């Protein structure tokens, strides 16, 4: 399906972060634009700051100079009780997140040390694309481009579609990372502008999917199947975040392969071994990481599961090593 | 105005709700409040599963509100599990739901909550909550809710009250279990390292440790020096007494890095409204880390064998002790008196020798920790209990 013309003027969305020089989010060297808002609640989420749709407060105690040196947030206009200094503790401010959650950018900007900041801001399509354009020479030489990630980038379908259409107009390759849990109308709006769709198959059994992710996977699988069939010119790459004890098992990998292999435009299936890089971000948001006791998968498990995928894709030996 | 229910006529209708997690004595609070309300000619209703019974009545074929009639509470077993149930989350400002588009989201339902209370002619709410719930009720009170809170805490860490109900039961059970563990350590000729509840304050570890004359008690308030602990155990564990007992609060800190291994700030953890899972899961998953860290650390420093044990989650269940039962009953009845006197935005507090009402603002953002000059610490030292470093 060809790009439909989209007027990017005036469109804006909530952007969490723009990350340059990414090499794992699609072909070549890429700039990944992380959008705010997610429709799932994966307990292993490595980007907790991307979950809520609206910009949200973060607090880094390492930057706080304490009550004696500053203490601004202990007074009006900050909400009463939202920030405090604990008795007998150090001088640094602590946050009562129940009372502080509603602080907006105007309040956060009053913090002179930057301990209080907002995750996410409103940006226009042109602002984002101008930032992305800074690395256009790398895209040309490497076959890279822009990748929309999140959160769930399909939750902002108009903004995403405008961004990707604008990127195409500027000659960039486009990719998205999606978990697919959105109404089909959102998918339909964005995918005509996507060259590569990196999409998650997190779990096979619907009830287990609901337990760990928040909703079952029936609609997600319907969307993916329909997307494979509706957008034959796009490349699809399936992905699984591999978590021991949850989905790092042969049964799941084989079920995903059975689902994707009949579709020729699903060109690969990647395993993303679970990591714990998001832990600090949970602390900045005053949240508790739920998978604290879970470990990263062993090399043996990853190699074993990867071998099953390589076999299904007809790769072996050096061929498989080149793909990796 | 009076309200007709069946054959009865009530002058006023108030409600009671229970926060997340079971604490022994909840039924006694409900019983005390319902009896006291009944004697004032008021109708008392219980909200099922936190606020869920009010916010999601469609989930309850028998109704999300339970009328706590005199007949019902007269037959209520104060030693049984909570009559009203619990929800893993009780924050109406961040209610997680799956919307009509099958997408997960958090929505602010505080306005609906207040509207539902109004529609049900409920003009005051008694909330049986822990430290986290107090902040939520404080926020709701500032939004117009006539709220009175009853403090519940296994760890006795709620500020502004000397005792929260639930603590005495946990303490009694912990002491019983420590006695048994000591016998096991004695027969196995090993050093038992037992983790007890106490993420933010060490009352449970300290008082239980005193009761069983433990060799070492490690609490969050005193970052411990494992080398010093090993030296003390080396002195105490002899061929004539070839065993030891170390009690570790789950929030105990090691002095070398100043924070528990692999854990986020416990205060932040306690205040998190947006945890990706349920609060109860958080506690159970994390249990055992402190005991394991201390036991493994000691094993490298002493010759005797150490073994970690975790009492954590088991202490939360069971029937309340007589002390907790009367305290909970008193808190329930006292909360109704606070409502009668219009003392909203308050929390019941045991301030010896009396039960008082303190403003919620005095109870939030504080944790009742063991003070450095606590007599309990001095008593422990007098009994030869080592508190993690030389004091």
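Read-outs throughout are calculated quantities, based only on the coordinates presented, and are distinct from any laboratory measurement. A quick note: this is a predicted structure, and the numbers were derived from the prediction, not measured. Positions of Cβ are generated from backbone atoms using ideal geometry, with glycine treated the same way; all protein chains shown enter the neighbour counts.
Set the Förster distance to 41 Å, then compute FRET efficiency between residue A:267 and residue A:65 from the Cβ-Cβ distance, nearest 0.05.
Values: r = 52 Å, r/R0 = 1.27.
Given R0 = 41 Å and the Cβ-Cβ separation, E is 0.20.
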Task: Mean shadow area of chain A over all directions, Cα convex hull, nm² - done: 18.4 nm²
Task: Alpha-carbon centroid distance for the pair the stretch B:107-123 / the stretch A:257-276, whole angstrom - done: 47 Å
Open item on the list: Could you tell me the center-to-center distance, by alpha carbons, between the stretch B:186-212 and the stretch B:305-355 in angstrom?
Closed with: 22 Å
Open item on the list: Can you tell me which of A:16, A:154, A:116 moves the most in a GNM of chain A? Springs connect C-alpha atoms under 10 Å apart.
Closed with: A:116
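222 nm [θ] for the protein assembly as shown, helices only, -39500 (n - 2.57) per DSSP H run of 4+, per residue, to 500?
Numbers: 26 runs with 246 residues, N = 715.
Mean residue ellipticity at 222 nm (helix-derived): -10000 deg cm²/dmol.
Exposure proxy check: B:113, B:137 ranked by fewest other beta carbons within 10 Å?
In order of increasing Cβ crowding within 10 Å: B:113, B:137.
Could you check what % of the DSSP bridge pairs in the protein assembly as shown are antiparallel, to the nearest 5? If you can, show how the numbers build up before the last one.
Numbers: 33 of 91 bridges.
Beta bridges within the protein assembly as shown, antiparallel portion: roughly 35 percent.
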Open item on the list: Can you give me the Rg/Rh ratio for the protein assembly as shown, using Cα atoms for both radii and the Kirkwood formula for Rh?
Closed with: 1.01
TODO: Based solely on C-alpha atoms, express the radius of gyration and the Dmax of the stretch B:100-156 in angstrom.
DONE: 13.9, 43
Task: the stretch A:141-244 - Debye-derived log10 I(q)/I(0), Cα point model, q = 0.11, 0.16 Å⁻¹ - done: -0.33, -0.68
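On average, how much area does the Cα convex hull of the stretch A:209-278 cover when viewed from any direction, in nm²? Show your work: numbers first, answer last.
Numbers: hull surface 21.7 nm².
Value for the stretch A:209-278: 5.4 nm².
Just want the ordering: B:366, B:143, A:36, from fewest to most Cβ atoms lying within 10 Å of their own Cβ. It would help to have the intermediate numbers written out before the result.
Numbers: B:366 17, B:143 14, A:36 28.
Going from sparsest to densest Cβ surroundings: B:143, B:366, A:36.
From the C-alpha gyration tensor of the stretch A:56-118, pull out the three semi-axes of the equivalent ellipsoid (sqrt of 5λ each), sorted largest to smallest, in whole Å. Provide the component values of the computation, followed by the final result.
On the way: eigenvalues 55, 32, 22 Å².
Equivalent ellipsoid semi-axes, largest first: 17, 13, 10 Å.
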Task: Alpha-carbon spread of the stretch B:180-228, three principal axes, descending order, Å - done: 32, 24, 16
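At R0 = 60 Å, how high is the FRET efficiency between residue B:354 and residue A:208 if r is their beta carbon distance? Nearest 0.05 is fine.
Numbers: r = 53 Å, r/R0 = 0.88.
The calculated FRET efficiency here is 0.70.
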Task: Pair residue A:218, residue B:189: separation of 7 Å Cα→Cβ label points (nm) - done: 6.3 nm
TODO: Sort largest first and round to whole Å: the equivalent ellipsoid semi-axes of the stretch A:87-172, each the square root of five times a Cα gyration tensor eigenvalue.
DONE: 38, 16, 12
- [ ] Report Rg (one decimal) and Dmax (nearest whole number) for the stretch B:32-116, counting Cα atoms only, units Å.
- [x] 15.2, 48
Open item on the list: How large is the direction-averaged shadow of the alpha-carbon convex hull of chain B, in nm²?
Closed with: 20.7 nm²
TODO: Provide A:264, B:236 in ascending order of the number of other Cβ atoms located within 10 Å of each residue's Cβ, fewest first.
DONE: A:264, B:236
TODO: Report the residue, chosen from A:258, A:179, A:167, that carries the largest GNM mean-square fluctuation when chain A is represented by alpha-carbon nodes joined by springs under 10 Å.
DONE: A:258
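Nearest 0.05, what FRET efficiency do residue A:184 and residue A:136 give at R0 = 56 Å with Cβ-Cβ as r?
Numbers: r = 33 Å, r/R0 = 0.59.
It comes out at approximately 0.95.
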